[in-house]
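Single-structure report; data block below.
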């Protein structure tokens with residue numbers, strides 16, 4: 001199967017391209033520059049040049065490569081995100097999730113590509129008790145900085161599902177290139193004692209290694225599953241549980257505890273919500289409909305393996 005991957009060098013793409021090649025598919029990576037072309041080749045893919053926001057270029061790239069499936073992993077998230085200015089920092093990603101998705105779907109329609117899989121988020125659910133399944137509503141009135149991000153996600157899901165595609169709502173990604181990588185923003189803050197437990201640390205996170213996201217995509221390629229699926233690990237955990245564990249793994253001090261009101265002055269309403277109100281997600285439907293299991297069933301094992309391996313290599 002020829003698989004066209006938009007976002008081929010991101011956190012998921014860098015795991016997906018070599019896995020596709022390993023299992024016998026032909027990975028095609030959409031790239032915007034010569035450097036990105038080289039990176040796609042290094043990952044085992046065939047590069048094709050196009051800017052996701054250029055509809056004609058995307059249409060041509062899809063037409064000349066004639067893929068059997070398109071995987072939309074488009075994002076442009078900066079290495080450092082300011083929670084007080086989330087809307088600004090996610091503006092490029094929001095455009096990719098709306099305009100970029102529109103261009104990919106139009107190209108797929110014209111070329112007769114039968115399968116489209118896109119990346120969503122599993123932590124945009126309405127805050128509440130217990131973990132959310134796919135029938136749970138998305139956040140109705142989130143903090144203002146998250147509103148355009150969520151609007152873009154809703155648009156991506158609407159477009160993709162209307163076209164008969166599948167949206168994989170991914171958990172908080174960790175692994176190479178992520179904010180939880182050894183050089184990632186959250187890991188560095190935890191190591192330096194600069195990532196506090198805000199309020200009671202009551203936000204629940206459902207994590208996912210980038211390689212497990214890739215394996216879910218591969219599993220979905222051959223199955224006629226449509227709609228949305230939560231793709232997360234089996235061990236949702238509140239901040240007050242995973243943050244001290246992360247700090248220990250990376251040799252940082254125990255996280256400080258900061259009242260929510262004080263944290264709001266520094267991190268804004270979204271920064272506080274991100275650490276106190278997020279809801280975890282349930283992966284039962286993905287496990288059943290995709291016959292998929294995460295390699296790292298728990299972030300506990302995944303964090304330890306990923307960050308310890310990175311430390312060993314660095315040494």
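The values are calculated or read from the model by the stated rules, or taken from the named source; none is laboratory data. The model shown is predicted, which means the values in this text are computed figures rather than measured ones. Note that we place each Cβ from the backbone using ideal geometry, even for glycine, and neighbour counts take in every protein chain shown.
Report every pair of residues separated by at least 6 positions or lying on different chains whose Cβ atoms are under 8 Å apart, first residue within the range 30-47 and on the phi > 0 side of the Ramachandran plot, second part of a strand (DSSP E or B).
Short answer, once both residue conditions are applied: 44/27.
Considering 130, 200, which residue is surrounded by fewer than 23 Cβ atoms within 10 Å (Cβ to Cβ) and at positive phi?
Just one listed residue meets the conditions, 130.
If you check residue 304 against the conditions, is it in a helix (DSSP H, G or I), under 24 Å from residue 182 (Cβ atoms), without any contact (Cβ under 8 Å) to a residue 60 or more places away in the chain and touching a strand residue (DSSP E or B) at 6+ places or on another chain (Cβ under 9 Å)?
no
Residue 248 - would you say it is at pLDDT 95 or above, in a helix (DSSP H, G or I) and more than 27 Å from residue 134 (Cβ to Cβ)?
Criteria met by residue 248.
Let me spell it out: the conditions are (1) surrounded by fewer than 23 Cβ atoms within 10 Å (Cβ to Cβ); (2) more than 27 Å from residue 166 (Cβ to Cβ); (3) out of contact with any strand residue (DSSP E or B) (no Cβ under 7 Å at 6 or more places or on another chain), and residue 190 meets all of them except one. Which number is the exception?
Residue 190 satisfies all of (1) surrounded by fewer than 23 Cβ atoms within 10 Å (Cβ to Cβ); (2) more than 27 Å from residue 166 (Cβ to Cβ); (3) out of contact with any strand residue (DSSP E or B) (no Cβ under 7 Å at 6 or more places or on another chain) except (1).
Which of the residues spanning the range 13-26 are over 11 Å from residue 218 (Cα atoms) and touching a strand residue (DSSP E or B) at 6+ places or on another chain (Cβ under 7 Å)?
Answer for the range 13-26, where residues must be over 11 Å from residue 218 (Cα atoms) and touching a strand residue (DSSP E or B) at 6+ places or on another chain (Cβ under 7 Å): 13, 26.
Say whether the condition of being surrounded by 18 or more Cβ atoms within 10 Å (Cβ to Cβ), in a helix (DSSP H, G or I) and touching a helix residue (DSSP H, G or I) at 6+ places or on another chain (Cβ under 8 Å) is met by at least one residue in the range 227-240.
Looking for residues that are surrounded by 18 or more Cβ atoms within 10 Å (Cβ to Cβ), in a helix (DSSP H, G or I) and touching a helix residue (DSSP H, G or I) at 6+ places or on another chain (Cβ under 8 Å), one finds at least one in the range 227-240, hence yes.
Could you tell me whether any residue of the range 119-134 is part of a helix (DSSP H, G or I) and either within 20 Å of residue 16 (Cα to Cα) or over 16 Å from the mean Cα position of the chain (by Cα) (or both)? First the steps, then the outcome.
Our first condition is that a residue be part of a helix (DSSP H, G or I); within the range 119-134, this holds for none.
The answer is no; no qualifying residue exists.
Mind checking which residues of the range 48-85 are part of a loop (DSSP other than H, G, I, E, B), out of contact with any strand residue (DSSP E or B) (no Cβ under 7 Å at 6 or more places or on another chain), surrounded by 14 or more Cβ atoms within 10 Å (Cβ to Cβ) and in contact (Cβ under 8 Å) with a residue 60 or more places away in the chain?
Listed by number, the residues that qualify are 75, 81.
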